[in-house]
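The values are calculated or read from the model by the stated rules, or taken from the named source; none is laboratory data. These numbers were taken from a predicted model, which means no experiment stands behind them. Neighbour counts are summed over all protein chains in view; Cβ atoms, including those assigned to glycine, are modelled from backbone coordinates with ideal geometry. Heavy atoms of the whole protein, side chains included, go into the accessibility calculation; ligands, DNA and RNA do not. Shrake-Rupley method; radii C 1.70, N 1.55, O 1.52, S 1.80 Å.
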Amino acid sequence: MQSIYAMHQNGSENLEKEEKFLFYSIDSIQDLYLTMVSSLMEICKKEAEFLHKSSLKHLATAAERNPNKKFINNAVFQILAENNSLSIALETRKVNPWYLNEDYILLLLNAVKTSKYYTDYMSNPKQSFEEDKQLILDLFTQIIVPNEKLYEYLEDDKLTWIDDIPLVNTLIIKQLKGLKTLEEDNFRVPKVYKDIEDKDFAKDLFRKTVLNEKELAQKFVDKTPNWDTERIAEIDTIILKMAICELLKFPSIPVKVTLNEYLELAKEYSTPKSSIFINGILDNLVKELESNKSLLKTGRGLI
């Protein structure tokens, strides 16, 4: 959707170029994921470095010479640091954003250490896996994710990340919640595509929507009698075209799946009125297509 919108805004007709940008944007989602996960690892490293340097001071205090290492020994940090899937992905994608941007990590570390989550955690002399996991969850959701400076950095680094940040953070939170002990390590870096068919679908949907825009638009133009078609928000027309394309040109995808996907897109990217408008258009179109036998779906349970 964003790629088609960008094509419209740029006035570009170079399908091959825009398709390359589409896949670049999709691949970059994993880089964003690795950037966010590695921020946790870097926070631990910076605190470990701080504790070590403090212990070497000429006039180090007793607390500095024998610091509380509960935080840097947190089991979740250990799991991430020793995870093969993560280390391979970081190396393969060449993701190392914090090497030249450690100020952001120091800023996050300071926010962490001044938080109630950290204070309460460090004041408890006992250490358990569940407590370790809950701390990282709290720090990630309440300290790291909402940090405005971090958001600005991500926005400046790759403009395509803006829309992907909530999706990526939600995935990481889900993974952290499901994390098991190091012995049962179940942490895996998710694939960008489920399989080759998944990647082909993204390519086909993009191409079929772009190459058939006029035809797809005609399917909803006569169903907007109370709307000036030129005044319909461009993002709404793109959502409608993509949804209609999927309904008509992808016979293996169930109607309900298509409707649910694009209604969620409308809720995310359009106004409340627009999502109601899109829902009404698609609902009426499906009824019409079903009545004149134009909605051809294959396989079980696809209607």
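On the given criteria, is PHE21 open to solvent by less than 30 Å² (accessible area, probe 1.4 Å) and of a type in the set (Phe, Trp, Tyr)? Judged against the criteria, PHE21 is not a match.
Just checking, which of GLU155, GLU183, GLU246, GLU230 is in a helix (DSSP H, G or I), of a type in the set (Asp, Glu), over 21 Å from the mean Cα position of the chain (by Cα) and modelled with pLDDT of 90 or more? If you could, list the steps in order and put the result at the bottom.
Numbers: GLU155 fails: over 21 Å from the mean Cα position of the chain (by Cα); GLU183 fails: modelled with pLDDT of 90 or more; GLU230 fails: modelled with pLDDT of 90 or more.
Sole residue among the options that is in a helix (DSSP H, G or I), of a type in the set (Asp, Glu), over 21 Å from the mean Cα position of the chain (by Cα) and modelled with pLDDT of 90 or more: GLU246.
Taking every residue in the stretch 206-222 that is within 17 Å of GLU13 (Cα to Cα) and pairing it with any residue that is modelled with pLDDT under 90 and of a type in the set (Asp, Glu), at least 6 positions away or on another chain, the pairs with Cβ-Cβ distances below 7 Å are PHE206/GLU19.
What do you reckon, is LYS241 modelled with pLDDT of 90 or more, of a type outside the set (Phe, Trp, Tyr) and open to solvent by 60 Å² or more (accessible area, probe 1.4 Å)? Considered against the rule, which asks whether it is modelled with pLDDT of 90 or more, of a type outside the set (Phe, Trp, Tyr) and open to solvent by 60 Å² or more (accessible area, probe 1.4 Å), LYS241 comes out as no.
Quick one: is GLN218 assigned to a helix (DSSP H, G or I), open to solvent by 50 Å² or more (accessible area, probe 1.4 Å), farther than 30 Å from LEU107 by Cβ and among the polar types (S, T, N, Q)?
yes
Open to solvent by 70 Å² or more (accessible area, probe 1.4 Å), over 23 Å from ILE162 (Cα atoms) and not hydrophobic (A, V, I, L, M, F, W, C) - does that describe any residue in the stretch 31-51? Steps first, answer last, please.
At the first step, the residues of the stretch 31-51 found to be open to solvent by 70 Å² or more (accessible area, probe 1.4 Å) are 45, 49-50.
Subset that is over 23 Å from ILE162 (Cα atoms): 45, 49-50.
Subset that is not hydrophobic (A, V, I, L, M, F, W, C): 45, 49.
Within the stretch 31-51, one or more residues are open to solvent by 70 Å² or more (accessible area, probe 1.4 Å), over 23 Å from ILE162 (Cα atoms) and not hydrophobic (A, V, I, L, M, F, W, C).
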